[in-house]
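Beneath this line is the structure, given in structure tokens, with notes to follow.
Where a number appears in this text, it was derived from the coordinates with a stated rule and is not lab data. Not measured: the values here are computed from a predicted model. Reconstructed Cβ throughout: ideal geometry from the backbone, glycine too, with neighbour counts over all protein chains shown.
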Amino acid sequence: MADFPTTARVVIIGGGAVGTSVLYHLALAGWTDCVLLEKNELTAGSTWHAAGNVPTFSTSWAIMNMQRYSTELYRDLAEKVDYPMNYHVTGSIRLAHSKERVQEFERAKGMGRYQGMDISMMSPKEAQDLYPFMELHDLQGVLFDPNDGDIDPSQLTQALAKGARDLGARIERFCPATGVNRENGEWIVHTEKGDIRCEYVVNAAGYYAQTVGEWFKPYGGRIVPMMVMSHQYMLTDEIPEIEEYTAQHGKLPLLRDVDTSYYLRQEKTGLNLGPYERNCKAHWITPEDPFPEDFSFQLYPDDLERLEWYIEDAMARVPLLGTTGINKVINGPIPYAPDGLPLLGPMPGVPNAFEACVFTFGIAQSGGAGKVLAEWITEGQTEWDMWAVDPRRYTDYTDADYCIQKGMETYGHEYAMHFPWHVWPAGRGKKLSPVYDKILAAGGVMGAYNGWERANWFAKNGDDTSLETTHTWERSGPWERRIREECEAVRDGVGVLDLPGFSRFNLTGEGAAEWLRGMITGGLAKAGRMNLAYFADDRGRILTEMSVMRHDEDHFTLITAASAQWHDFEVLKNALPEGLSLTDHTTEYSTLIVTGPKSRAVFEQIADADLSLGWLSLQVAKVAGKNAALARVSFAGELGWEIHAKISDIPAIYDAVIGAGATPFGMWALNALRIEKGYRAWKGDLSTDYTLYEGGLDRFIKLDKPQEFRGKAALMNEKQQGSAKRFVTLIVDAGAADAPYMSTLWHDGQVVGETTSGAWGYRINASVALGMLRTDLAVVGTKLEVEIYGERRSATVQPDTPLWDPDNARLRA
Ligand SMILES: Cc1cc2nc3c(=O)[nH]c(=O)nc-3n(C[C@H](O)[C@H](O)[C@H](O)COP(=O)(O)OP(=O)(O)OC[C@H]3O[C@@H](n4cnc5c(N)ncnc54)[C@H](O)[C@@H]3O)c2cc1C
């Protein structure tokens, strides 16, 4: 074992498509002193048996970026690393059975175009010209993706491995990692062949990721939120008609019937059929079926019975499929995170450790994943905002039951449309507000936010709250009337929103204020007041936003979005100097937003507080006889206070607020209200895809302060050079649907920007979109078009003041 490496900068555990891609991209970045450990032969996990489809389609901007990058990488990888491989770019046709599906395709097409891809829509008849063996029943439209194709997953992995090795990186095969230790700020990775000391560790162990994740628990880690599904595809015998067709025209495009839920791809001169079935099967979740020590190169027994309905449907679509026999069935383990997206990024709670695991489309995504993870390690930030796959999007509520329920729900709906009003029912009720029962009794139709149940809207007797009604991209539905009423109650009277799960951190210690000034881009409020603070990355991009309550010179409470809990805690903790104390109190306190012109009258009845204190003031008060902090802010943009109180005191306070005349309102009304004020939402309007200047956050940047906050140099530079894009508010002549995230903005036949969020504003009675626009066009009155589900709708750039109450007079009343 003389040449076994004992030190490395990075150790990657797992040699599938993803692990090797991470190694390759690290080596490309010049980090060649890296070692990949594979317990068996490369590809022994899910990779060897994958079907190898490489789509670019996604309705997530981040996922599309990752998949697009993969296709670009794979196109010339063989030549680049001198490792021949089979990669067929055949294009694909994706079939729509409904108007809503056509709209979904149109949206993806618009996003794809913006990423430089030539995705197009075609009629079923045109698609049949590309795929003459297809029947056209039930079809409303077809999306053609010319970049889709299939690759040999083993060859891909070997090519990435060769590329990495040629650059100087090392791969140790048949070398299981057996554990880790942390000593003097370094990791020691134990293997059967010896220990390796390193700076960074990557868990790329595929469906073994939870086992590997266990080793990191003593160092702040958690149980990796995942489960394993059985996934099958079947290969047919040769089909003479396909052989003949291929000889004349080349390979057939891949066909995806997403409403039925399967793909059908030409494999040599036969077909490969792969359904995602509703009546799906999880593995390794019971004591009778324990997780195996080693499953290298193994499969589950065939189980075609549960696919019968899908096979019949596919045979009706492509009758040729029924003319031949099944030659081979592959039934293999496929890991699922609760939302079906991978875990890619910093390992929550653990220093210098990363995750690149739990991929369900790891062949299509490994190229992009390697790039992203290498950036995380070498630069501490990524080119594209990757929150969609960031492991910190899941926190402590993802127990085994949750992961299994969600994994099965996601697998069974792998191709489902994600409608804005639809809330998936599995894995619910994980974190309940102390007034959860009261909210339900008032008609609350709930959604989960970082596991916390909050009302999205309040239904009244007779309202249809079934899931079926939510299968629409359009604004209208049973909720619309109620959202309007809730917004009007806030506009004309007073509303109350129960907001459990606001992330809440306490920061104390001598020098806390000075340290915080060095972290944020702007200034701090005086003691007894609060303000918004922004954290930038090195490029001056928007890392996060927090509300900073300043109780005393060096005593702060930082409040941030529910879903940002672990992300934002780490932003602070990772930079925290000795002597300061940072603690998470999210589960000890809760928040009620009480807002509307009559909110002062409510507090006059129930609170012992100074209600004359102005906007952004903070005070300790008694509400309904209970201790509470009152913060004079309103995300709804009306007069109002947030009540922050101990969980046990919230029920009494809530009853008092309701008793004093407040109307409950939900998250969807809040979204409508905040957009009329131009208030940004996290990971839509506020993301690392934009700098603070682009985001229009100039007033939160103090370049003249002495502290060298992160991103300062980049922001100084941008201020001098000017920004390429600017944040704008648009009024849209929207039709039935408001602009979703990443709808493209058009001007003079060119795409000139994109929306970051959109909603109907019920106080101004207009459809509003927030977005990013080419700077020269970001001028009040510019006429644009917004492409909403394929339809171009006219829009106008608005002044850089809130659409509702531009002078904030109501807020300050
Ligand atoms: C039937 C089927 C069809 C599929 N078809 C497609 C498709 O068409 N397109 C697509 O994109 N995806 C497809 N997938 C999914 C795809 O296979 C996976 O997403 C992908 O292979 C994941 O790659 P990975 O590198 O993350 O994990 P894996 O390939 O599972 O690699 C993890 C590696 O880690 C190693 N390892 C684990 N523990 C240790 C340890 N302690 N020490 C050292 N090494 C360790 C394992 O041996 C394994 O080789 C399919 C999956 C199935 C089951």
Query raised in the report: Taking region 275-292 only, how many residues are buried (at least 16 other Cβ atoms within 10 Å of the Cβ), in contact with a strand residue (DSSP E or B) (Cβ under 7 Å, 6 or more places away or on another chain) and either without any contact (Cβ under 8 Å) to a residue 24 or more places away in the chain or over 14 Å from Pro333 (Cα atoms) (or both)?
Result: 1
Requested in this report: State which residue pairs qualify: first residue free of Cβ contacts under 8 Å to residues at least 60 places away in the same chain and farther than 13 Å from Asn352 by Cα and inside region 187-206, second residue assigned to a strand (DSSP E or B) and polar (S, T, N, Q) in any location, beta carbons under 6 Å apart, and separation of 6 or more residues or different chains.
Outcome: His190/Thr178
Query raised in the report: Of the residues in region 730-781, how many are aromatic (Phe, Trp, Tyr), assigned to a strand (DSSP E or B) and closer than 24 Å to Arg491 by Cα?
Result: 1
Query raised in the report: Take the residues of region 257-279 that are within 12 Å of the ligand (Cβ to nearest atom) and in contact with a Ser or Thr (Cβ under 9 Å, 6 or more places away or on another chain): which is farthest from Met408 (Cα to Cα)?
Result: Glu267
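Restricting to region 203-225, what's the tally of residues that are at negative phi and either within 11 Å of the ligand (Cβ to nearest atom) or of a type in the set (Asp, Glu) (or both)?
Residues of region 203-225 at negative phi: 203-205, 207-219, 221-225.
Right, trim to either within 11 Å of the ligand (Cβ to nearest atom) or of a type in the set (Asp, Glu) (or both) and you get 203-205, 207-215.
Here the count works out to 12.
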Query raised in the report: Can you pull out the residues in region 179-192 that are under 18 Å from Asp33 (Cβ atoms) and more than 10 Å from the ligand (Cβ to nearest atom)?
Result: Gly185, Glu186, Trp187, Ile188
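Just wondering, is there one or more residues in region 563-581 that are among the β-branched types (Val, Ile, Thr), under 26 Å from Gly684 (Cβ atoms) and not in a strand (DSSP E or B)?
To start, the set of residues in region 563-581 that are among the β-branched types (Val, Ile, Thr) comprises 571.
Narrowing further to those that are under 26 Å from Gly684 (Cβ atoms): 571.
Add one more test, that the residue is not in a strand (DSSP E or B), and what stays is 571.
Taking every residue of region 563-581 in turn, at least one turns out to be among the β-branched types (Val, Ile, Thr), under 26 Å from Gly684 (Cβ atoms) and not in a strand (DSSP E or B).
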**Report entry** Which numbered condition Thr360 fails, given (1) near the ligand (Cβ under 10 Å from one of its atoms); (2) part of a helix (DSSP H, G or I)
**Finding:** (2)
**Report entry** Residues satisfying the stated conditions in region 612-629, i.e. under 14 Å from Glu642 (Cβ atoms) and either surrounded by 15 or more Cβ atoms within 10 Å (Cβ to Cβ) or among the aromatic types (Phe, Trp, Tyr) (or both)
**Finding:** Leu613, Trp615, Leu616, Ser617, Leu618, Gln619, Ala621, Val623, Ala628, Ala629
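Out of Arg475, Arg491, I need the residue that is in contact (Cβ under 8 Å) with a residue 24 or more places away in the chain and more than 30 Å from Glu104 (Cβ to Cβ). Which one? Step through it out loud before you land on a result.
Numbers: Arg475 fails: more than 30 Å from Glu104 (Cβ to Cβ).
It is Arg491.
Residue by residue, here is whether (1) within 15 Å of the ligand (Cβ to nearest atom); (2) charged (D, E, K, R); (3) buried (at least 24 other Cβ atoms within 10 Å of the Cβ) holds:
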| site | (1), (2), (3) |
| --- | --- |
| Pro319 | no, no, no |
| Thr324 | no, no, no |
| Asn331 | yes, no, no |
| Tyr336 | yes, no, yes |
| Asp339 | yes, yes, no |
| Glu355 | yes, yes, yes |
| Gly370 | yes, no, yes |
**Report entry** Output for region 710-722, where each listed residue is surrounded by fewer than 22 Cβ atoms within 10 Å (Cβ to Cβ) and either assigned to a loop (DSSP other than H, G, I, E, B) or of a type in the set (Phe, Trp, Tyr) (or both)
**Finding:** Gly722
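Can you find a residue in region 162-178 that is within 14 Å of the ligand (Cβ to nearest atom), free of Cβ contacts under 8 Å to residues at least 24 places away in the same chain and within 30 Å of Ile188 (Cβ to Cβ)?
Start the filter on region 162-178 by keeping residues that are within 14 Å of the ligand (Cβ to nearest atom), which leaves 164, 170-178.
Keeping just the survivors that are free of Cβ contacts under 8 Å to residues at least 24 places away in the same chain gives 178.
Right, trim to within 30 Å of Ile188 (Cβ to Cβ) and you get 178.
Checked region 162-178: at least one residue is within 14 Å of the ligand (Cβ to nearest atom), free of Cβ contacts under 8 Å to residues at least 24 places away in the same chain and within 30 Å of Ile188 (Cβ to Cβ).
Quick grid of which residues meet (1) surrounded by 16 or more Cβ atoms within 10 Å (Cβ to Cβ); (2) assigned to a strand (DSSP E or B):
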position: Asp463; (1), (2): yes, no
position: Phe505; (1), (2): yes, yes
position: Glu510; (1), (2): no, no
position: Ala513; (1), (2): yes, no
position: Arg517; (1), (2): yes, no
Report summary line: Counted residues in region 296-309 being under 21 Å from Val228 (Cβ atoms) and either without any contact (Cβ under 8 Å) to a residue 40 or more places away in the chain or not in a loop (DSSP other than H, G, I, E, B) (or both) come to 5
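Out of everything in region 18-42 that is part of a loop (DSSP other than H, G, I, E, B) and more than 6 Å from the ligand (Cβ to nearest atom), what residue ends up being surrounded by the fewest Cβ atoms within 10 Å (Cβ to Cβ)?
From region 18-42, those part of a loop (DSSP other than H, G, I, E, B) are 29-33, 38-42; that's our starting set.
Checking the rest, the ones that are also more than 6 Å from the ligand (Cβ to nearest atom) come to 29-33, 41-42.
On the way: Ala29: 16, Gly30: 10, Trp31: 21, Thr32: 18, Asp33: 17, Glu41: 13, Leu42: 22.
Among residues in region 18-42 that are part of a loop (DSSP other than H, G, I, E, B) and more than 6 Å from the ligand (Cβ to nearest atom), the one surrounded by the fewest Cβ atoms within 10 Å (Cβ to Cβ) is Gly30.
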Query raised in the report: Looking at region 207-232, which of its residues are without any contact (Cβ under 8 Å) to a residue 60 or more places away in the chain and farther than 21 Å from Pro338 by Cα?
Result: Trp215, Pro218
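Considering only residues of region 1-17 that are β-branched (Val, Ile, Thr) and more than 14 Å from the ligand (Cβ to nearest atom), which is surrounded by the most Cβ atoms within 10 Å (Cβ to Cβ)?
Restricting attention to region 1-17, the residues satisfying the condition of being β-branched (Val, Ile, Thr) are 6-7, 10-13.
In the following step, the residues that additionally are more than 14 Å from the ligand (Cβ to nearest atom) were identified as 6-7, 10.
Numbers: Thr6: 12, Thr7: 14, Val10: 25.
It comes out as Val10.
Restrict the check to region 84-98 and report whether at least one residue is without any contact (Cβ under 8 Å) to a residue 60 or more places away in the chain, over 24 Å from the mean Cα position of the chain (by Cα) and more than 10 Å from the ligand (Cβ to nearest atom).
Our first condition is that a residue be without any contact (Cβ under 8 Å) to a residue 60 or more places away in the chain; within region 84-98, this holds for none.
So far as region 84-98 goes, no, none of its residues is without any contact (Cβ under 8 Å) to a residue 60 or more places away in the chain, over 24 Å from the mean Cα position of the chain (by Cα) and more than 10 Å from the ligand (Cβ to nearest atom).
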Requested in this report: Mind telling me which of the residues Asp145, Asp138, Asp152 ends up being at positive phi and of a type in the set (Asp, Glu)?
Outcome: Asp138
